[in-house]
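For reference, the structure is listed below as C-alpha coordinates.
The values are calculated or read from the model by the stated rules, or taken from the named source; none is laboratory data. Since we're looking at a predicted model, the values are computed, not measured. Using ideal geometry, Cβ is built from the backbone for each residue, glycine included, and neighbour counts are taken over all protein chains shown.
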Amino acid sequence: MPILRFTHFLLHIFPYFKLHQLIMHRSSSSTTNSVNGFYNSLTHSLDDLYTSFRSQNFMSIHFLQLVFSSLQSFHNQLVLLVHKLRLPVGEKWLDEYMDESSRLWEVCHVLKSCISNMENYCTMGMNIPSIRDLNPQLSHEVSRVINRCQRERVRLEEENKSLIETRIKPLMMQFDENVLSQSKFNGFNGFRGALYASRNISSLLLKIMVNGLAYCSNEASFSSLSHMDTTNYNVNYMVSESNFMVSATRLMERVKDCEEGQNGILLSEFRNTGHTMNELQKELERIRGCEAEFDISGRVENLKSCFGGLQYGIENMIVQLDDFFDEIVESRKKLSDLCIYTSDVWA
(Lines give C-alpha, C1' and ligand atoms only; values in the text may rest on other atoms or scores of the structure.)
Protein backbone atom coordinates (compact mmCIF):
# COMPACT_ATOMS: atom_id res chain seq x y z
CA MET A 1 0.00 0.00 0.00
CA PRO A 2 1.30 3.51 -0.86
CA ILE A 3 0.43 4.85 2.62
CA LEU A 4 2.37 2.04 4.26
CA ARG A 5 5.43 2.60 2.12
CA PHE A 6 5.29 6.35 2.71
CA THR A 7 5.02 5.91 6.48
CA HIS A 8 7.98 3.51 6.51
CA PHE A 9 9.88 6.13 4.53
CA LEU A 10 9.08 8.73 7.20
CA LEU A 11 10.23 6.40 9.94
CA HIS A 12 13.60 5.95 8.28
CA ILE A 13 14.12 9.58 7.25
CA PHE A 14 12.83 11.67 10.18
CA PRO A 15 14.11 11.43 13.76
CA TYR A 16 11.67 9.97 16.24
CA PHE A 17 11.43 13.33 18.01
CA LYS A 18 10.12 15.06 14.90
CA LEU A 19 7.74 12.20 14.22
CA HIS A 20 6.41 12.44 17.76
CA GLN A 21 5.94 16.20 17.41
CA LEU A 22 3.95 15.53 14.27
CA ILE A 23 1.73 13.05 16.14
CA MET A 24 1.26 15.31 19.18
CA HIS A 25 -0.03 18.19 17.05
CA ARG A 26 -2.75 16.09 15.38
CA SER A 27 -6.21 17.41 16.17
CA SER A 28 -8.72 15.32 18.06
CA SER A 29 -10.89 15.06 14.95
CA SER A 30 -7.92 13.73 13.01
CA THR A 31 -7.39 11.09 15.70
CA THR A 32 -11.03 10.02 15.51
CA ASN A 33 -10.84 9.76 11.75
CA SER A 34 -7.75 7.59 12.01
CA VAL A 35 -9.48 5.08 14.30
CA ASN A 36 -12.67 5.16 12.26
CA GLY A 37 -10.61 4.61 9.13
CA PHE A 38 -9.14 1.49 10.71
CA TYR A 39 -12.60 0.11 11.48
CA ASN A 40 -13.81 0.96 7.99
CA SER A 41 -10.82 -0.83 6.50
CA LEU A 42 -11.65 -3.94 8.54
CA THR A 43 -15.23 -3.85 7.32
CA HIS A 44 -14.35 -3.40 3.63
CA SER A 45 -11.72 -6.15 3.66
CA LEU A 46 -14.06 -8.61 5.39
CA ASP A 47 -16.79 -7.81 2.89
CA ASP A 48 -14.33 -8.42 0.04
CA LEU A 49 -13.38 -11.79 1.53
CA TYR A 50 -17.04 -12.69 1.86
CA THR A 51 -17.66 -11.83 -1.78
CA SER A 52 -14.60 -13.81 -2.89
CA PHE A 53 -15.61 -16.89 -0.91
CA ARG A 54 -19.25 -16.69 -1.99
CA SER A 55 -18.18 -16.71 -5.64
CA GLN A 56 -16.43 -20.09 -5.27
CA ASN A 57 -17.75 -21.54 -1.97
CA PHE A 58 -14.66 -23.67 -1.28
CA MET A 59 -11.23 -23.30 0.32
CA SER A 60 -8.88 -22.58 -2.56
CA ILE A 61 -5.26 -21.58 -2.12
CA HIS A 62 -6.14 -18.28 -3.82
CA PHE A 63 -8.84 -17.49 -1.25
CA LEU A 64 -6.59 -18.42 1.68
CA GLN A 65 -3.83 -16.19 0.31
CA LEU A 66 -6.36 -13.35 0.25
CA VAL A 67 -7.27 -14.17 3.85
CA PHE A 68 -3.65 -14.04 4.90
CA SER A 69 -3.03 -10.83 2.96
CA SER A 70 -5.90 -9.27 4.94
CA LEU A 71 -4.32 -10.47 8.17
CA GLN A 72 -1.02 -8.84 7.20
CA SER A 73 -2.78 -5.63 6.18
CA PHE A 74 -4.70 -5.36 9.48
CA HIS A 75 -1.50 -5.80 11.47
CA ASN A 76 0.36 -3.19 9.42
CA GLN A 77 -2.53 -0.71 9.71
CA LEU A 78 -2.63 -1.23 13.48
CA VAL A 79 1.06 -0.35 13.70
CA LEU A 80 0.52 2.72 11.53
CA LEU A 81 -2.30 3.76 13.86
CA VAL A 82 0.19 4.01 16.74
CA HIS A 83 2.00 6.78 14.87
CA LYS A 84 -1.26 8.67 14.35
CA LEU A 85 -2.47 8.59 17.96
CA ARG A 86 -1.14 10.47 20.97
CA LEU A 87 -0.36 7.43 23.09
CA PRO A 88 1.17 7.84 26.57
CA VAL A 89 4.68 6.51 27.06
CA GLY A 90 5.06 3.72 29.59
CA GLU A 91 1.40 2.69 29.50
CA LYS A 92 -0.05 -0.78 28.87
CA TRP A 93 -0.87 -0.23 25.21
CA LEU A 94 2.61 -1.37 24.14
CA ASP A 95 2.42 -4.49 26.36
CA GLU A 96 -0.98 -5.32 24.90
CA TYR A 97 0.34 -4.96 21.37
CA MET A 98 3.38 -7.10 22.20
CA ASP A 99 1.14 -9.83 23.61
CA GLU A 100 -1.01 -9.88 20.51
CA SER A 101 1.94 -9.84 18.08
CA SER A 102 3.50 -12.73 20.04
CA ARG A 103 0.29 -14.70 19.63
CA LEU A 104 0.24 -14.01 15.90
CA TRP A 105 3.87 -15.12 15.69
CA GLU A 106 3.22 -18.41 17.52
CA VAL A 107 0.07 -19.36 15.62
CA CYS A 108 1.63 -18.56 12.25
CA HIS A 109 4.72 -20.62 13.08
CA VAL A 110 2.54 -23.63 13.86
CA LEU A 111 0.62 -22.98 10.67
CA LYS A 112 3.89 -22.92 8.72
CA SER A 113 4.87 -26.28 10.25
CA CYS A 114 1.55 -27.75 9.16
CA ILE A 115 1.91 -26.40 5.63
CA SER A 116 5.51 -27.63 5.40
CA ASN A 117 4.27 -31.14 6.21
CA MET A 118 2.64 -31.19 2.77
CA GLU A 119 5.93 -30.77 0.93
CA ASN A 120 6.94 -34.44 1.24
CA TYR A 121 3.45 -35.45 0.12
CA CYS A 122 3.76 -33.26 -2.98
CA THR A 123 7.23 -34.63 -3.76
CA MET A 124 5.87 -38.18 -3.68
CA GLY A 125 3.01 -37.25 -5.99
CA MET A 126 5.31 -35.56 -8.48
CA ASN A 127 7.39 -38.76 -8.62
CA ILE A 128 4.57 -40.83 -10.08
CA PRO A 129 6.05 -42.28 -13.29
CA SER A 130 4.64 -41.02 -16.58
CA ILE A 131 2.98 -43.69 -18.71
CA ARG A 132 2.99 -43.91 -22.46
CA ASP A 133 2.56 -47.64 -23.02
CA LEU A 134 0.78 -49.28 -20.12
CA ASN A 135 2.31 -52.58 -19.01
CA PRO A 136 1.95 -54.62 -15.81
CA GLN A 137 5.25 -53.39 -14.38
CA LEU A 138 4.39 -49.69 -14.84
CA SER A 139 0.88 -50.29 -13.57
CA HIS A 140 2.20 -51.81 -10.34
CA GLU A 141 4.73 -49.00 -9.94
CA VAL A 142 2.06 -46.33 -10.28
CA SER A 143 -0.13 -48.19 -7.76
CA ARG A 144 2.74 -48.41 -5.28
CA VAL A 145 3.45 -44.68 -5.50
CA ILE A 146 -0.25 -43.89 -5.05
CA ASN A 147 -0.39 -46.13 -1.98
CA ARG A 148 2.61 -44.35 -0.49
CA CYS A 149 0.99 -40.97 -1.18
CA GLN A 150 -2.23 -42.09 0.48
CA ARG A 151 -0.37 -43.26 3.58
CA GLU A 152 1.57 -39.98 3.70
CA ARG A 153 -1.70 -38.09 3.36
CA VAL A 154 -3.13 -39.84 6.42
CA ARG A 155 0.08 -39.32 8.39
CA LEU A 156 0.34 -35.59 7.74
CA GLU A 157 -3.31 -35.00 8.62
CA GLU A 158 -2.84 -36.83 11.92
CA GLU A 159 0.32 -34.86 12.67
CA ASN A 160 -1.36 -31.57 11.79
CA LYS A 161 -4.33 -32.42 13.99
CA SER A 162 -1.99 -33.05 16.89
CA LEU A 163 -0.25 -29.70 16.33
CA ILE A 164 -3.57 -27.87 16.31
CA GLU A 165 -4.80 -29.50 19.50
CA THR A 166 -1.56 -29.15 21.47
CA ARG A 167 -0.13 -25.84 20.27
CA ILE A 168 -2.86 -23.64 18.82
CA LYS A 169 -5.87 -24.35 21.03
CA PRO A 170 -3.92 -23.34 24.17
CA LEU A 171 -3.39 -19.93 22.58
CA MET A 172 -7.15 -19.38 22.91
CA MET A 173 -7.55 -18.53 19.25
CA GLN A 174 -11.23 -17.62 19.30
CA PHE A 175 -13.48 -14.76 18.37
CA ASP A 176 -14.25 -13.00 21.65
CA GLU A 177 -17.98 -12.59 22.12
CA ASN A 178 -17.64 -10.35 25.18
CA VAL A 179 -18.46 -6.76 24.43
CA LEU A 180 -16.29 -4.12 26.04
CA SER A 181 -17.80 -1.03 27.58
CA GLN A 182 -17.55 2.14 25.54
CA SER A 183 -15.08 3.79 27.92
CA LYS A 184 -12.74 0.80 27.86
CA PHE A 185 -13.18 0.37 24.12
CA ASN A 186 -11.98 3.95 23.64
CA GLY A 187 -8.95 3.57 25.92
CA PHE A 188 -5.64 5.06 24.70
CA ASN A 189 -7.42 7.38 22.25
CA GLY A 190 -9.23 4.46 20.69
CA PHE A 191 -6.15 2.26 20.23
CA ARG A 192 -7.38 -0.34 22.74
CA GLY A 193 -10.59 -0.73 20.75
CA ALA A 194 -8.63 -1.04 17.52
CA LEU A 195 -6.38 -3.66 19.10
CA TYR A 196 -9.44 -5.52 20.41
CA ALA A 197 -10.94 -5.48 16.91
CA SER A 198 -7.67 -6.59 15.33
CA ARG A 199 -7.25 -9.45 17.81
CA ASN A 200 -10.74 -10.77 17.17
CA ILE A 201 -10.63 -10.44 13.40
CA SER A 202 -7.15 -11.99 13.32
CA SER A 203 -8.52 -14.93 15.29
CA LEU A 204 -11.27 -15.36 12.74
CA LEU A 205 -8.89 -15.22 9.78
CA LEU A 206 -6.40 -17.56 11.43
CA LYS A 207 -9.19 -20.01 12.18
CA ILE A 208 -10.15 -20.03 8.50
CA MET A 209 -6.52 -20.61 7.51
CA VAL A 210 -6.00 -23.36 10.07
CA ASN A 211 -9.12 -25.21 8.93
CA GLY A 212 -8.13 -24.85 5.30
CA LEU A 213 -4.39 -25.48 5.45
CA ALA A 214 -3.79 -27.49 8.63
CA TYR A 215 -6.76 -29.45 9.96
CA CYS A 216 -10.46 -29.05 10.61
CA SER A 217 -12.51 -31.29 12.89
CA ASN A 218 -15.60 -31.05 15.04
CA GLU A 219 -13.68 -32.41 18.03
CA ALA A 220 -10.91 -29.83 17.75
CA SER A 221 -13.13 -26.93 16.70
CA PHE A 222 -12.68 -23.39 17.92
CA SER A 223 -15.31 -21.06 19.29
CA SER A 224 -17.68 -19.97 16.56
CA LEU A 225 -19.58 -16.80 15.81
CA SER A 226 -22.93 -18.60 15.57
CA HIS A 227 -24.12 -17.07 18.83
CA MET A 228 -22.74 -13.61 18.19
CA ASP A 229 -25.40 -10.98 18.70
CA THR A 230 -24.16 -7.69 17.33
CA THR A 231 -27.18 -5.91 18.79
CA ASN A 232 -25.48 -6.22 22.19
CA TYR A 233 -23.18 -3.37 21.25
CA ASN A 234 -23.62 -0.14 23.12
CA VAL A 235 -26.01 1.97 21.08
CA ASN A 236 -23.65 4.92 21.48
CA TYR A 237 -20.91 3.17 19.49
CA MET A 238 -20.21 4.75 16.18
CA VAL A 239 -21.47 2.70 13.24
CA SER A 240 -17.94 2.07 11.97
CA GLU A 241 -17.06 0.37 15.27
CA SER A 242 -19.77 -2.26 14.95
CA ASN A 243 -19.95 -2.83 11.20
CA PHE A 244 -16.80 -4.93 11.21
CA MET A 245 -18.49 -7.31 13.68
CA VAL A 246 -21.45 -7.74 11.36
CA SER A 247 -19.13 -8.37 8.40
CA ALA A 248 -17.04 -10.81 10.42
CA THR A 249 -20.12 -12.75 11.50
CA ARG A 250 -21.38 -12.96 7.94
CA LEU A 251 -18.03 -14.24 6.65
CA MET A 252 -17.74 -16.78 9.44
CA GLU A 253 -21.25 -18.14 8.92
CA ARG A 254 -20.61 -18.53 5.20
CA VAL A 255 -17.37 -20.42 5.79
CA LYS A 256 -18.98 -22.56 8.49
CA ASP A 257 -21.64 -23.69 6.02
CA CYS A 258 -18.87 -24.90 3.71
CA GLU A 259 -17.05 -26.68 6.55
CA GLU A 260 -20.13 -28.37 7.99
CA GLY A 261 -19.54 -32.09 8.58
CA GLN A 262 -16.05 -32.10 7.05
CA ASN A 263 -12.84 -33.28 8.69
CA GLY A 264 -9.20 -32.99 7.68
CA ILE A 265 -7.43 -30.46 5.50
CA LEU A 266 -10.10 -28.50 3.62
CA LEU A 267 -7.79 -26.93 1.03
CA SER A 268 -9.43 -27.68 -2.33
CA GLU A 269 -6.11 -28.29 -4.13
CA PHE A 270 -5.18 -30.83 -1.45
CA ARG A 271 -8.55 -32.55 -1.71
CA ASN A 272 -8.28 -32.63 -5.51
CA THR A 273 -5.09 -34.68 -5.27
CA GLY A 274 -6.86 -37.23 -3.09
CA HIS A 275 -9.88 -37.46 -5.37
CA THR A 276 -7.74 -37.74 -8.50
CA MET A 277 -5.55 -40.43 -6.90
CA ASN A 278 -8.58 -42.49 -5.95
CA GLU A 279 -10.00 -42.24 -9.47
CA LEU A 280 -6.69 -43.34 -11.01
CA GLN A 281 -6.36 -46.21 -8.55
CA LYS A 282 -9.86 -47.43 -9.42
CA GLU A 283 -9.03 -47.24 -13.11
CA LEU A 284 -5.84 -49.26 -12.61
CA GLU A 285 -7.76 -51.92 -10.68
CA ARG A 286 -10.44 -52.04 -13.36
CA ILE A 287 -8.04 -52.68 -16.22
CA ARG A 288 -5.67 -54.96 -14.29
CA GLY A 289 -5.48 -58.34 -16.01
CA CYS A 290 -7.21 -57.13 -19.16
CA GLU A 291 -5.52 -58.03 -22.43
CA ALA A 292 -6.74 -54.97 -24.24
CA GLU A 293 -4.56 -51.86 -24.28
CA PHE A 294 -5.61 -48.81 -22.30
CA ASP A 295 -4.24 -45.30 -22.41
CA ILE A 296 -4.24 -43.69 -18.94
CA SER A 297 -1.40 -41.28 -19.59
CA GLY A 298 -3.84 -38.36 -19.45
CA ARG A 299 -5.05 -39.41 -16.00
CA VAL A 300 -1.50 -39.74 -14.71
CA GLU A 301 -0.45 -36.35 -16.04
CA ASN A 302 -3.58 -34.78 -14.59
CA LEU A 303 -2.68 -36.18 -11.17
CA LYS A 304 0.87 -34.86 -11.42
CA SER A 305 -0.54 -31.49 -12.45
CA CYS A 306 -2.75 -31.47 -9.34
CA PHE A 307 0.29 -32.13 -7.16
CA GLY A 308 2.25 -29.45 -8.99
CA GLY A 309 -0.47 -26.86 -8.38
CA LEU A 310 -0.63 -27.78 -4.69
CA GLN A 311 3.14 -27.57 -4.34
CA TYR A 312 3.25 -24.15 -6.02
CA GLY A 313 0.53 -22.82 -3.73
CA ILE A 314 2.27 -24.16 -0.61
CA GLU A 315 5.57 -22.58 -1.57
CA ASN A 316 3.90 -19.20 -2.11
CA MET A 317 2.12 -19.42 1.23
CA ILE A 318 5.38 -20.20 3.04
CA VAL A 319 7.01 -17.15 1.43
CA GLN A 320 4.04 -15.04 2.56
CA LEU A 321 4.37 -16.35 6.11
CA ASP A 322 8.10 -15.62 6.20
CA ASP A 323 7.43 -12.05 5.06
CA PHE A 324 4.92 -11.65 7.86
CA PHE A 325 7.44 -12.85 10.45
CA ASP A 326 9.84 -10.15 9.25
CA GLU A 327 7.08 -7.54 9.47
CA ILE A 328 6.24 -8.53 13.06
CA VAL A 329 9.89 -8.30 14.13
CA GLU A 330 10.30 -4.91 12.46
CA SER A 331 7.07 -3.52 13.94
CA ARG A 332 7.88 -4.66 17.48
CA LYS A 333 11.30 -3.01 17.28
CA LYS A 334 9.96 0.25 15.84
CA LEU A 335 7.26 0.65 18.47
CA SER A 336 9.67 -0.21 21.28
CA ASP A 337 12.27 2.22 19.97
CA LEU A 338 9.65 4.92 19.49
CA CYS A 339 8.58 4.67 23.14
CA ILE A 340 12.16 4.57 24.42
CA TYR A 341 13.25 7.56 22.36
CA THR A 342 10.16 9.60 23.22
CA SER A 343 10.58 8.79 26.92
CA ASP A 344 14.20 10.00 26.82
CA VAL A 345 13.17 13.24 25.10
CA TRP A 346 10.48 13.94 27.65
CA ALA A 347 12.86 13.16 30.52
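Kindly list, by first and then second residue, each pair from a residue in segment 82-95 that is modelled with pLDDT under 75 to a residue that is of a type in the set (S, T, N, Q) and outside any loop (DSSP other than H, G, I, E, B), limited to pairs with Cβ atoms under 6 Å and residues at least 6 apart or on different chains.
Close Cβ pairs satisfying both conditions: VAL89/THR342; VAL89/SER343.
Every residue in segment 46-87 that is within 14 Å of the chain's Cα centre (by Cα) and not hydrophobic (A, V, I, L, M, F, W, C), please.
Within segment 46-87, SER60, HIS62, GLN65, SER69, SER70, GLN72, SER73, HIS75 qualify.
Can you pull out the helices (runs of 4 or more DSSP H) entirely within segment 1-80 that have at least 2 residues that are modelled with pLDDT of 85 or more and either touching a helix residue (DSSP H, G or I) at 6+ places or on another chain (Cβ under 9 Å) or under 30 Å from THR273 (Cβ atoms) (or both)? Walk me through it before giving the result.
Details: elements: 2-13, 16-24, 28-56.
So the answer is 28-56.
Using the structure shown, decide if SER242 is small (Gly, Ala, Ser), modelled with pLDDT under 90 and either assigned to a helix (DSSP H, G or I) or out of contact with any Ser or Thr (no Cβ under 6 Å at 6 or more places or on another chain) (or both). Even if it seems obvious, please write down each step before you answer.
Values: small (Gly, Ala, Ser): yes; modelled with pLDDT under 90: yes; either assigned to a helix (DSSP H, G or I) or out of contact with any Ser or Thr (no Cβ under 6 Å at 6 or more places or on another chain) (or both): yes.
Yes, satisfied.
Given the condition assigned to a helix (DSSP H, G or I), modelled with pLDDT under 90 and either over 27 Å from SER69 (Cα atoms) or acidic (Asp, Glu) (or both), answer yes or no: does some residue in segment 186-205 qualify?
no
If you go through segment 81-103 one residue at a time, do you hit one that is within 29 Å of GLN311 (Cα to Cα), crowded, with 17+ Cβ neighbours inside 10 Å and not polar (S, T, N, Q)? Please lay out each step first, then the result.
So in segment 81-103, the residues within 29 Å of GLN311 (Cα to Cα) come out as 101-103.
The next check asks that each one be crowded, with 17+ Cβ neighbours inside 10 Å; those that pass are 101, 103.
Then keep just the ones that are not polar (S, T, N, Q); that gives 103.
Within segment 81-103, one or more residues are within 29 Å of GLN311 (Cα to Cα), crowded, with 17+ Cβ neighbours inside 10 Å and not polar (S, T, N, Q).
Residues that are surrounded by fewer than 18 Cβ atoms within 10 Å (Cβ to Cβ) and either aromatic (Phe, Trp, Tyr) or under 22 Å from the mean Cα position of the chain (by Cα) (or both): does segment 142-159 have at least one?
yes
Filter segment 122-162 for residues that are of a type in the set (Lys, Arg) and in a loop (DSSP other than H, G, I, E, B) and give the result. It would help to see each step written out before you state the result.
At the first step, the residues of segment 122-162 found to be of a type in the set (Lys, Arg) are 132, 144, 148, 151, 153, 155, 161.
ARG132 - this is the single residue of segment 122-162 that is of a type in the set (Lys, Arg) and in a loop (DSSP other than H, G, I, E, B).
Report yes if GLU119 is out of contact with any Asp or Glu (no Cβ under 6 Å at 6 or more places or on another chain), among the acidic types (Asp, Glu), within 30 Å of GLN281 (Cβ to Cβ) and assigned to a helix (DSSP H, G or I), otherwise no. So that I can check it myself, show each step before the final result.
On the way: out of contact with any Asp or Glu (no Cβ under 6 Å at 6 or more places or on another chain): yes; among the acidic types (Asp, Glu): yes; within 30 Å of GLN281 (Cβ to Cβ): yes; assigned to a helix (DSSP H, G or I): yes.
Judged against the criteria, GLU119 is a match.
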